[in-house]
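Structure first, commentary second.
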Amino acid sequence: MFRFILLSLAATTVGLGQSDLTRGFTGQLTAPPGLETPAATITTEMRGDIFMARKMYREAVDMYMQGARDSAVTWNKVGIAYHQMLNLDNARKNYEKAYKLNPQYSEAINNLGTFWYARKNYRRAISFYKRALALTPKSASIHSNLGTAYFARKKYDLAMASYQTALSLDPEVFEHRSSAGVLLQERSVTERAKFHYYLAKTYAKSGQFERALLYIRKALEEGFAEKNKLMEDAEFSELRKLPEFGELIKLEPRVL
């Protein structure tokens, strides 16, 4: 099982070197009155985000709990931390707190969908993902989640349609790898070979042939046995013209 979270937070630092004009100066440089640079304030939420990025989820919970108790974002982040620790009941409770504070908070609604997905209640997961999309219809990650829930119910055509929408909104939606943020993107599936086959179809239909070939290889390595579909599916018609495709089909990859 593997999952990851979008909308990651990044921090950068800039080093200041000594200027040639001040080299050898032994006094103290001070800014003119009124131009002093204020010290950066690190909030408890920011500290919690840092712990999340380091995968220190228990510490993240403790830090978030020191923050604002009336913030839907904070409760949602607490839920994600519990989710990452596989403490699903506490995850759900905190997503619901976030939702009660802000019923329009689509990220919390999406994350409730991931809770139900983890509980294998795919029908209810689909319901929450649709509710989230009603609020944020251009969220590639939520469309991806909806597709994965359809996939779990073996509604493969609906799954691929959702994946195609997700990919049109964000060409990198299936490649994101991050560990901090406010929205969970579900990627745990039982039929991994078939899942990668459908991702290959999605990429091929979008003209991203290199990634389509990559996911075909993954599908074959995971035991995808219906090679005839690769030769027959309309989505692979242009891909079949490439020599790389022919070489890949001839391979007998070791099943992982």
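Condition first: under 17 Å from residue 190 (Cα atoms), of a type outside the set (Gly, Ala, Ser) and in a helix (DSSP H, G or I). Now tell me which residues in the range 217-237 satisfy that.
Answer for the range 217-237, where residues must be under 17 Å from residue 190 (Cα atoms), of a type outside the set (Gly, Ala, Ser) and in a helix (DSSP H, G or I): 218, 220, 221.
Out of all the residues in the range 39-56, which are over 17 Å from the mean Cα position of the chain (by Cα) and of a type outside the set (Gly, Ala, Ser)?
The first filter runs over the range 39-56 and keeps only residues over 17 Å from the mean Cα position of the chain (by Cα), leaving 39-48, 50-51, 56.
Within the range 39-56, 41, 42, 43, 44, 45, 46, 47, 50, 51, 56 qualify.
Suppose we filter the range 66-92 for residues that are without any contact (Cβ under 8 Å) to a residue 24 or more places away in the chain and either surrounded by 15 or more Cβ atoms within 10 Å (Cβ to Cβ) or in contact with a Ser or Thr (Cβ under 8 Å, 6 or more places away or on another chain) (or both); how many remain? Walk me through how you get there before you give the answer.
Of all residues in the range 66-92, those without any contact (Cβ under 8 Å) to a residue 24 or more places away in the chain come to 66, 68-69, 78, 86-87, 89-90, 92.
This time we only want the ones that are either surrounded by 15 or more Cβ atoms within 10 Å (Cβ to Cβ) or in contact with a Ser or Thr (Cβ under 8 Å, 6 or more places away or on another chain) (or both), so: 66, 68, 78, 87, 90, 92.
Total satisfying the criteria: 6.
Which count do you get for residues in the range 130-141 that are assigned to a helix (DSSP H, G or I) and either farther than 18 Å from residue 171 by Cβ or not hydrophobic (A, V, I, L, M, F, W, C) (or both)?
Residues of the range 130-141 assigned to a helix (DSSP H, G or I): 130-135, 140-141.
Of the ones still in play, those that are also either farther than 18 Å from residue 171 by Cβ or not hydrophobic (A, V, I, L, M, F, W, C) (or both) are 130-135, 141.
Residues in the range 130-141 being assigned to a helix (DSSP H, G or I) and either farther than 18 Å from residue 171 by Cβ or not hydrophobic (A, V, I, L, M, F, W, C) (or both): 7 in total.
Just for the range 30-53: of the residues that are among the aliphatic types (A, V, I, L, M) and either surrounded by 10 or more Cβ atoms within 10 Å (Cβ to Cβ) or touching an Asp or Glu at 6+ places or on another chain (Cβ under 9 Å) (or both), which one is modelled with the lowest pLDDT? Quick ask: steps written out before the conclusion?
Filtering the range 30-53 down to residues among the aliphatic types (A, V, I, L, M) leaves 31, 35, 39-40, 42, 46, 50, 52-53.
Now narrow it down to the ones that are either surrounded by 10 or more Cβ atoms within 10 Å (Cβ to Cβ) or touching an Asp or Glu at 6+ places or on another chain (Cβ under 9 Å) (or both): 42, 46, 50, 52-53.
Numbers: 42: 87, 46: 92, 50: 93, 52: 94, 53: 92.
The qualifying residue modelled with the lowest pLDDT is 42.
For (1) in a helix (DSSP H, G or I); (2) under 18 Å from the mean Cα position of the chain (by Cα), each residue gets a yes or a no:
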site	(1), (2)
114	yes, yes
117	yes, yes
128	yes, yes
143	yes, yes
148	yes, yes
157	yes, no
161	yes, no
171	no, yes
174	no, yes
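Can you run down the residue pairs with Cβ atoms below 9 Å, 6 or more apart or on separate chains, where the first is in the range 216-232 and of a type in the set (Phe, Trp, Tyr) and the partner is assigned to a helix (DSSP H, G or I) and crowded, with 17+ Cβ neighbours inside 10 Å?
Within 9 Å, the pairs are 224/193; 224/194; 224/196; 224/197; 224/216; 224/218; 224/230.
Identify the single condition in (1) free of Cβ contacts under 8 Å to residues at least 40 places away in the same chain; (2) within 30 Å of residue 76 (Cβ to Cβ); (3) buried (at least 16 other Cβ atoms within 10 Å of the Cβ) that residue 239 does not satisfy, given that it satisfies every other one.
Looking at each condition in turn, residue 239 falls short on (2).
The values are calculated or read from the model by the stated rules, or taken from the named source; none is laboratory data. Keep in mind that this is a model prediction, so the values were computed, not measured. With ideal geometry, Cβ positions are generated from the backbone for all residues, glycine too; neighbour counts draw on all protein chains shown.
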